[in-house]
1. Looking at the range 160-170 only, could you name the residues that are in contact (Cβ under 8 Å) with a residue 40 or more places away in the chain and not β-branched (Val, Ile, Thr)?
2. Does at least one position in the range 58-75 carry a residue that is touching a residue at least 24 places away in the same chain (Cβ under 8 Å), assigned to a loop (DSSP other than H, G, I, E, B) and either in contact with a Cys (Cβ under 6 Å, 6 or more places away or on another chain) or surrounded by 18 or more Cβ atoms within 10 Å (Cβ to Cβ) (or both)?
3. Suppose we filter Tyr114, Tyr119, Tyr146 for residues that are outside any loop (DSSP other than H, G, I, E, B), more than 15 Å from the chain's Cα centre (by Cα) and touching a residue at least 40 places away in the same chain (Cβ under 8 Å); which single one remains?
4. Any residue in the range 88-106 that's loosely packed, with under 15 Cβ neighbours inside 10 Å: show its pairings with residues that are modelled with pLDDT of 80 or more and assigned to a strand (DSSP E or B) at Cβ separation under 8 Å, as long as the two are six or more apart or on different chains.
5. Against the condition buried (at least 19 other Cβ atoms within 10 Å of the Cβ), at pLDDT 95 or above and on the phi < 0 side of the Ramachandran plot, how does Val80 come out, does it pass?
6. Which members of the range 163-172 meet the condition of being of a type outside the set (Val, Ile, Thr) and within 14 Å of the chain's Cα centre (by Cα)?
7. Report the residue count in the range 33-49 for those that are modelled with pLDDT of 95 or more and either under 14 Å from Thr68 (Cα atoms) or among the basic types (Lys, Arg) (or both).
Amino acid sequence: MKSLALLLTVLLAGCSSHAPMKAVDYVDIDRFMGVWYVIANIPTFIEKDAHNAVETYARNNDGSIDTTFTFRDGSFDGEVKSYHPTGYITDTKSNALWGMQFIWPIKADYRIVYLDDDYSKTIIARKARDYVWLMAREPVISEADYEALVEYIGELGYDIKKVQRVPQKWSE
């Protein structure tokens with residue numbers, strides 16, 4: 001019993017309260033589907049040294065989102081890694097709040113907190129402010145756009161020192 005209490009104490013000590021994180025008002029889910037290049041992130045353990053990272057979404061007949069996350073591990077010539085989580089829209093009024101399931105039954109918080117009008121750039125965040133993804137429809141964005149979007153990530157409560165550019169290099 002003592003070890004359970006100690007474990008709970010340690011877990012709860014790691015929790016911090018954050019101001020609510022507002023998602024975008026509405027996502028046209030069909031426009032959102034397709035290929036997104038990961039421009040920058042606070043990486044999860046699987047994507048720490050990812051190159052040419054791409055997230056692709058396709059809507060399933062049941063309303064879930066077939067997701068493919070692909071990257072080269074360690075370099076542009078590294079081994080291709082691919083993961084296939086399933087997204088579940090949890091707020092069908094806005095389509096901006098999802099659960100992303102890598103393993104059953106756990107669905108990770110996934111929220112679309114920025115989406116430009118032409119659906120060319122987006123920021124995906126988590127209310128825990130542990131991971132974040134800045135993505136675009138093209139593998140490169142302007143430096144001005146990059147700086148403005150990273151600044152916005154900071155305004156959401158993230159430590160922007162942890163944000164890393166994801167190397168993107170594609171042959172024509």
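The values are calculated or read from the model by the stated rules, or taken from the named source; none is laboratory data. This one's a predicted model, so the numbers in the text were calculated from it and none came from an experiment. With ideal geometry, Cβ positions are generated from the backbone for all residues, glycine too; neighbour counts draw on all protein chains shown.
1. Result: Lys162, Gln164, Arg165, Pro167, Gln168, Lys169, Trp170.
2. No: the range 58-75 contains no residue that is touching a residue at least 24 places away in the same chain (Cβ under 8 Å), assigned to a loop (DSSP other than H, G, I, E, B) and either in contact with a Cys (Cβ under 6 Å, 6 or more places away or on another chain) or surrounded by 18 or more Cβ atoms within 10 Å (Cβ to Cβ) (or both).
3. That would be Tyr146, the only listed residue that is outside any loop (DSSP other than H, G, I, E, B), more than 15 Å from the chain's Cα centre (by Cα) and touching a residue at least 40 places away in the same chain (Cβ under 8 Å).
4. Between residues of the range 88-106 that are loosely packed, with under 15 Cβ neighbours inside 10 Å and residues that are modelled with pLDDT of 80 or more and assigned to a strand (DSSP E or B), the close pairs are Asp91/Leu97.
5. No, not satisfied.
6. Of everything in the range 163-172, those that are of a type outside the set (Val, Ile, Thr) and within 14 Å of the chain's Cα centre (by Cα) turn out to be Gln164, Arg165.
7. The total comes to 6.
Let's see how each residue does on (1) under 18 Å from Glu47 (Cα atoms); (2) modelled with pLDDT under 95:
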site: Pro105; (1), (2): no, yes
site: Ala108; (1), (2): yes, yes
site: Leu115; (1), (2): no, no
site: Tyr152; (1), (2): no, no
